1. Select from the stretch 113-147 the residues that are out of contact with any Asp or Glu (no Cβ under 7 Å at 6 or more places or on another chain), among the small types (Gly, Ala, Ser) and either touching a residue at least 24 places away in the same chain (Cβ under 8 Å) or buried (at least 18 other Cβ atoms within 10 Å of the Cβ) (or both) and list them in ascending order.
2. Pairs under 6 Å by beta carbon, first residue within 16 Å of Leu106 (Cβ to Cβ) in the stretch 158-172, partner polar (S, T, N, Q) and at pLDDT 95 or above, six or more apart or different chains?
3. Return the only residue of Phe135, Phe126 being modelled with pLDDT of 95 or more and of a type outside the set (A, V, I, L, M).
4. Could you say which residue among Asn157, Asn184 is surrounded by fewer than 19 Cβ atoms within 10 Å (Cβ to Cβ), part of a helix (DSSP H, G or I) and either in contact with an Asp or Glu (Cβ under 7 Å, 6 or more places away or on another chain) or assigned by TED's automatic domain parsing to the domain that holds Asp86 (or both)?
5. Looking at the stretch 12-43 only, could you name the residues that are within 17 Å of Leu57 (Cβ to Cβ) and polar (S, T, N, Q)?
6. Does Gly33 satisfy the criteria of being in a loop (DSSP other than H, G, I, E, B) and either in contact with a Pro (Cβ under 7 Å, 6 or more places away or on another chain) or not assigned by TED's automatic domain parsing to the domain that holds Glu121 (or both)?
7. If you go through the stretch 207-224, how many residues are out of contact with any helix residue (DSSP H, G or I) (no Cβ under 9 Å at 6 or more places or on another chain), farther than 14 Å from Leu161 by Cβ and aliphatic (A, V, I, L, M)?
8. Say whether the condition of being under 16 Å from the mean Cα position of the chain (by Cα), over 26 Å from Trp176 (Cβ atoms), among the aliphatic types (A, V, I, L, M) and surrounded by 15 or more Cβ atoms within 10 Å (Cβ to Cβ) is met by at least one residue in the stretch 60-78.
Amino acid sequence: MRKCIDMGEGRKIIINDKDMLKPDGTLEIPDIGLGEAYLGKASYVVYDEEDIDDDLLKLVCARKYNEPLVIARTERFIIREMTVGDLPHLYELYQTLSDCPYVEPLYEYEDEKAFTIKYIENMYGFFGYGLWLVFDKKTGELVARAGIENRSIDGQNFQELGYLVKKSWQGKRVAWEVMNHIVNIAKDRLGLEELYICTVKTNIPSIQLALKLGFTLYAGDTDGMNIYRKVL
C-alpha cells in the first residue's frame, strides 16, 4: 500500500508497507514505513496508519528536505530549530549578553559553524530535542534561545531546561511564556518523565522561574550550582 502525501511547495511524503522497485530499477525507500511486517530501510516506521499525525508528518518533512522544524507557536513567539543561516543573528543576541556572568560566549565563527552542523545532526536528528531559537511572531526578531539538553546528574543522563533572553526583551515574560510551553512539549510530545534546571545559586531570576514552573530543589550548592527537579 503506497500513499503520497502532499506537504505543499513541491514537498511530498511517501508512506508504504514495503520498499519498492521503481520503473527505472532503483529502489524507492518510503519516508515512513508502515506496519509490523515492514522490514525496509525507512528512517521512520509506525505500526498503524493512525499513528501518523500532523506532528510526525512535519518532522519527517523537515528531515527529508533539510528544513528547520517549527517546534511550537506560543501567543507571541515561534520556537524552531536553528540553522547555520541563523548564526549572525545568534551572535547579535549573545553580544547583548556579553556582560552577563552566567552566559558562555559562542566560539569563533568557523568553529561555531562546525559545532552547529554537528549539533543539528546529533541533537535534533538523533534525540529530537535541543536548544531552539525563539522569534517574535510580528517582526521575526530573534529574542531568545531555549530548549532541552542532556546533562549527567548523579552519574545518569537526564534532560535539563536551558534558556537565555536577549537583553532588550528581558523583563517581558519571555522566559515564562516559552519555558512553560517547552515543559508541556517535554511531557506530551517527547514523553519525558522528569526535567531538571541547573543554575548558579546566585542567579535569582532563573531560580524564581524554576520555582514558578513547579520545580523543587533537588540538590543545593553543588559546585556552586543549585539543581531543581520537576516530575512531569
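The values are calculated or read from the model by the stated rules, or taken from the named source; none is laboratory data. Note that this is a predicted model, so its numbers are computed, not measured. Methodologically, a virtual Cβ is constructed for each residue, glycine included, from the backbone with ideal geometry; neighbour enumeration extends over all protein chains shown.
1. Gly125, Gly128, Ala144, Ala146, Gly147, listed by residue number.
2. Once the first residue is within 16 Å of Leu106 (Cβ to Cβ) and sits in the stretch 158-172, its partners that are polar (S, T, N, Q) and at pLDDT 95 or above give Lys166/Thr96; Lys167/Thr96.
3. Values: Phe126 fails: modelled with pLDDT of 95 or more.
On inspection, the qualifying residue turns out to be Phe135.
4. Asn184
5. Asn16, Ser43
6. On the way: in a loop (DSSP other than H, G, I, E, B): no; either in contact with a Pro (Cβ under 7 Å, 6 or more places away or on another chain) or not assigned by TED's automatic domain parsing to the domain that holds Glu121 (or both): yes.
In short, no.
7. Here the count works out to 1.
8. Among the residues of the stretch 60-78, at least one is under 16 Å from the mean Cα position of the chain (by Cα), over 26 Å from Trp176 (Cβ atoms), among the aliphatic types (A, V, I, L, M) and surrounded by 15 or more Cβ atoms within 10 Å (Cβ to Cβ), which makes the answer yes.
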